[in-house]
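Q: Pasting a structure here, questions to come.
The values are calculated or read from the model by the stated rules, or taken from the named source; none is laboratory data. Note that this is a predicted model, so its numbers are computed, not measured. Neighbour counts run over all protein chains shown; Cβ positions are idealised from the backbone, glycine included.
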Amino acid sequence: MIKKMGNGKNITFTKHAKIRMLQRKISEEEIKSAIQSPDKVEESFKGRLTIRKKFSKGVLEIVYKESPKEIIIITCYWIKER
């Protein structure tokens, strides 16, 4: 599935990410909000990035890859605050 961001980049959700979003009750709006204004961004392995964003129901962590034209959501999950 591909969605368009305000910055001109498409957001693509992998099949794995879409399944996890359903299982973990994470909306596309929450994903977009986290990408647009993350609380924390960290480098991960294989050129991936991890972002965190605090919401009323918890802290959302998203693993994604970014290219000049798109953002590919690999997985997402709720974490406990530290």
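Q: If you scan segment 58-69, which residues turn out to be surrounded by fewer than 17 Cβ atoms within 10 Å (Cβ to Cβ) and in contact with a strand residue (DSSP E or B) (Cβ under 7 Å, 6 or more places away or on another chain)?
A: Listed by number, the residues that qualify are Gly58, Lys65, Glu66, Lys69.
Yes/no matrix, rows are residues, columns are (1) modelled with pLDDT under 95; (2) among the β-branched types (Val, Ile, Thr); (3) surrounded by fewer than 11 Cβ atoms within 10 Å (Cβ to Cβ):
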{"position": "Ile11", "(1), (2), (3)": "yes, yes, no"}
{"position": "Met21", "(1), (2), (3)": "no, no, no"}
{"position": "Gln36", "(1), (2), (3)": "yes, no, no"}
{"position": "Lys46", "(1), (2), (3)": "yes, no, yes"}
{"position": "Lys54", "(1), (2), (3)": "no, no, no"}
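Q: Cβ-Cβ under 7 Å, sequence separation 6+ or interchain: first residue in segment 37-60 and at positive phi, partner buried (at least 16 other Cβ atoms within 10 Å of the Cβ) and modelled with pLDDT of 95 or more. Which pairs?
A: Gly47/Lys65
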